[in-house]
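The values are calculated or read from the model by the stated rules, or taken from the named source; none is laboratory data. Everything quoted here is computed from the prediction, not taken from an experiment. Every residue, glycine among them, receives a Cβ derived from its backbone with ideal geometry; neighbour counts consider all protein chains shown.
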Amino acid sequence: MLPFATEFPVKQSNNKAAFAAEVFAWLRGMRHSQILAASSERELDGENVFLTAKGGEELRMRELRRGDDWDAIGFRHDMPDEQGRIWRTEAVLKRSLEQSGDDVVRLRTQCLAARPGAVLQSPKKPYLIKGLLKGSWGGIDGQIEVCDEPLWLEDSAEDLDLAEAIISGTGSQWLPIVYISAIGFEEWRLSENEIEKLAYDLGGVAHVVVEPSRTFSFKLRDVSDGKNIYGAR
């Protein structure tokens, strides 16, 4: 069964505890999780954390240091279920080596068999991603901010340049882009509510960019010489 995985830039953070706090908030909101029920703050503070709970639930956290400072922090959470499966979520926050660069967070969720014959399912996007985006962690991916809202382009020279970069495949470095073309002035095949829901569902997985009008499409065709990343005209 294929895992769910994504990675995207986040704003620089000198406080490793902020990422750990997001992880703990996610776990406290998880149904049936008991891993933090009897844990003190002291048990959760350290370079190596290993907690267990009834039923086989486990949480491991590790810190990688570079000299006197931390370079990365990560965790692995295992949640067994009654169907003989283990739902494993892993994430790593890697600090940027550049003073002005963004950090990067990488996440993966898997459904693993704990016993023979277990029926595996495809994992969904962990709510931890939503928590990070709600907490304004999203960094700048190329020329687009990582968030769970659509980017509504305006009929301006600046946004036309951005659309050209997107069409040429240079608009982002980490996440793919869902580009929604207009069929009229502020008119699309999808309703505004559907576009907003799409961006909400794809937050942390892909950007959703919406062009303003059909006239904008013609301008984009002209400035890009009719080319796009698929090589068609």
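Data table
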| quantity | calculated |
| --- | --- |
| Qualifying positions in the stretch 111-124 - outside any strand (DSSP E or B), farther than 16 Å from G204 by Cβ and touching a residue at least 60 places away in the same chain (Cβ under 8 Å) | L120, Q121, S122 |
| Number of the exception - E211 against (1) surrounded by fewer than 17 Cβ atoms within 10 Å (Cβ to Cβ); (2) of a type in the set (D, E, K, R); (3) closer than 30 Å to A5 by Cα | (1) |
| Any chance A17 is farther than 29 Å from A206 by Cβ and not in a strand (DSSP E or B) | yes |
| Residue in the stretch 79-97 that is surrounded by the most Cβ atoms within 10 Å (Cβ to Cβ), counting only those that are of a type in the set (D, E, K, R) and under 22 Å from G204 (Cα atoms) | R95 |
| Qualifying strands (runs of 3 or more DSSP E) (wholly inside the stretch 55-110; at least 2 residues being aromatic (F, W, Y) and within 22 Å of V10 (Cβ to Cβ)) | 69-80 |
| Selection within the stretch 162-207 - among the acidic types (D, E) and under 22 Å from I129 (Cβ atoms) | E194, E196, D201 |
| Filter result for A53 (under 15 Å from L132 (Cα atoms) and modelled with pLDDT under 95) | no |
| Among the candidates S100, S181, S168, S122, residue that is at pLDDT below 95, under 25 Å from R76 (Cβ atoms) and surrounded by fewer than 16 Cβ atoms within 10 Å (Cβ to Cβ) | S122 |
